[in-house]
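Engineer: My questions all concern the structure below.
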Amino acid sequence: MADDAPISIPEAALRDLYAHARAEFPNECCGYLYGDGPTLEVRRCKNRQDQLHALDPEAHPRTAANAYNIGGRELLDLVRSFEGERPVTVIYHSHPRVGAYFSAEDERAAIAAGYPVDYLVIDAQEDEIREAVLFRRREGEAPEGEGAYVRVASFAGAKV
Ligand SMILES: [Zn+2]
């Protein structure tokens, strides 16, 4: 992915992503995208963060209000996609109320996972989706440090 231009997200898919962010608000939504442009497909996932938090609040201090976790079959399909003909291109999640930045926690998780994908963060506010921003792993110096992911594209929001 890293050498490619940022993916294009058709209007209908963006609306689907924004509707998902709205449905989960004030919690984070999560999921992933296959393909690009006209072939793009949205796979909504269940945010399992609350389950993790309930099982072990010390290991998982965050709840679905400020974290996301993809698990089970959805995680399996994600991982297996990289060996198939239709790999996942983007993992997305929403940030309720706090803006579309790539947090230190987002970076840690992305670096630990090491998936060859970009990350889309959806800025979900009380009365609108403000925007969505695509982040990509930076090449070159200090790729493990803060700022390892940089914004490569943004998408206009909508009243949803
Ligand atoms: Zn995040």
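FYI, it's all coordinate maths here, none of it is from the lab. All figures in this text were calculated on a predicted structure; none of them were measured in a lab. We place every Cβ from the backbone using ideal geometry, glycine too, and count neighbours over all the protein chains shown.
Engineer: For the chain, build the charge dipole from Cβ charges (+1 Lys, Arg; -1 Asp, Glu) around the Cα centre, then report which of GLY99, VAL160, VAL133 sits farthest towards its positive end.
Structural biologist: VAL160
Engineer: What is the dipole size for the chain, taken about its Cα centre, with +1 at each Lys and Arg Cβ and -1 at each Asp and Glu Cβ, in debye to the nearest 20?
Structural biologist: Charge dipole, the chain, about its Cα centre: 360 debye, nearest 20.
Engineer: Test of understanding: what is the full-extension gain from LYS159 to ALA112, defined as 0.36 nm times their sequence separation minus their Cα-Cα distance?
Structural biologist: Value of the extension gain: 13.5 nm.
Engineer: Now for a different question. Compute the FRET efficiency between GLU11 and GLU128 as 1/(1 + (r/R0)^6), taking r as their Cβ-Cβ distance and R0 = 22 Å, and round to the nearest 0.05.
Structural biologist: E between GLU11 and GLU128, to the nearest 0.05, is 0.85.
Engineer: Then there's this: Determine the shape class of the stretch 50-160: with a ≥ b ≥ c the square roots of the Cα gyration tensor eigenvalues, call it rounded for a/c under 1.5, and otherwise prolate if a/b is greater than b/c, oblate otherwise.
Structural biologist: Here the stretch 50-160 falls in the rounded category.
Engineer: Once fully extended, how much extra length lies between ASP4 and ARG80, figured as 0.36 nm per residue of separation less the alpha-carbon to alpha-carbon distance?
Structural biologist: Taking 0.36 nm per residue and subtracting the Cα distance, the gain is 25.2 nm.
Engineer: Still on this model: Rounded to the nearest 500, what is the chain's calculated 222 nm mean residue ellipticity when only DSSP H runs of at least 4 contribute -39500 (n - 2.57) each, over all residues? Could you put the intermediate results ahead of the total?
Structural biologist: Working: 4 runs with 41 residues, N = 160.
Computed ellipticity for the chain at 222 nm equals -7500 deg cm²/dmol.
Engineer: For a quick check: with amide H placed at 1.01 Å from N, whose amide H comes under 5 Å from THR89's, ignoring anything fewer than 5 positions away on the same chain?
Structural biologist: Hits under the 5 Å cutoff: LEU33, TYR34, GLY35.
Engineer: Note down the relative contact order for the chain as a percent, whole number, built from C-alpha pairs under 8 angstrom at least six residues apart.
Structural biologist: With pairs under 8 Å counted, the relative contact order is 21 percent.
Engineer: On to the next question. Of the peptides 132-139, 152-159, 118-125, how do they stack up when ordered by the mean number of other Cβ atoms within 10 Å, highest first?
Structural biologist: With the highest mean Cβ count within 10 Å placed first, the list reads 118-125, 132-139, 152-159.
Engineer: Let me have the relative contact order for the stretch 1-70, percent, based on Cα pairs under 8 Å that are six or more residues apart.
Structural biologist: About 29 percent, as a whole number.
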